[in-house]
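Written below as structure tokens is the structure these notes are about.
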Amino acid sequence: MPGDLSDDQIRTLKKLLLTRQSELKKLDADGADWRSPVELDQQSVGRLSRMDAMQQQEMAQAEARRRVSDIARIEIALNRMGDDEYGWCAECGEPIAYKRLEIDPAAHLCIGCAP
Ligand SMILES: [Zn+2]
């Protein structure tokens, strides 16, 4: 039995996870260009715009890293769902409140154990 959650709640959370997963994967695909190194024609762009471009790339890379770790968290949550471990705190073994999972369906710790 997965935590304190009803089948309906599990279904809702699973949908949330899958929706987020596909959104993140789409964003990740859209942002793939940003992973290639900055290559600018030195003659046509000034030093400032090159710095701008590098700064933008750094921000985009930080976002991409966040996305990758979010995607991984969601995959872990979906696996836990398949193993009927979903909804239980990975630390203390107590059920995780549905309200908490609604906000972050990939949460694997209860409110008491979360950092
Ligand atoms: Zn806990």
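The values are calculated or read from the model by the stated rules, or taken from the named source; none is laboratory data. Computed from a predicted model, the values in this text were never measured in an experiment. Reconstructed Cβ throughout: ideal geometry from the backbone, glycine too, with neighbour counts over all protein chains shown.
Quick notes on this structure:
- Ser49 at pLDDT below 90, exposed (fewer than 11 other Cβ atoms within 10 Å of the Cβ) and of a type in the set (Ser, Thr, Tyr): no
- Scanning segment 77-95 for residues that are exposed (fewer than 14 other Cβ atoms within 10 Å of the Cβ) and either part of a helix (DSSP H, G or I) or within 16 Å of the ligand (Cβ to nearest atom) (or both) turns up Asn79, Gly82, Glu91, Cys92, Gly93.
- Scanning segment 13-36 for residues that are in contact with a helix residue (DSSP H, G or I) (Cβ under 8 Å, 6 or more places away or on another chain) and modelled with pLDDT of 90 or more yields Leu13, Lys14, Leu16, Leu17, Leu18, Arg20, Gln21, Leu24, Lys25.
- Residue in segment 96-111 that is touching a Cys at 6+ places or on another chain (Cβ under 8 Å), assigned to a loop (DSSP other than H, G, I, E, B), free of Cβ contacts under 8 Å to residues at least 40 places away in the same chain and exposed (fewer than 13 other Cβ atoms within 10 Å of the Cβ) present: no
- Single unsatisfied condition, Ala64 versus (1) within 16 Å of the ligand (Cβ to nearest atom); (2) more than 16 Å from Leu13 (Cα to Cα); (3) small (Gly, Ala, Ser): (1)
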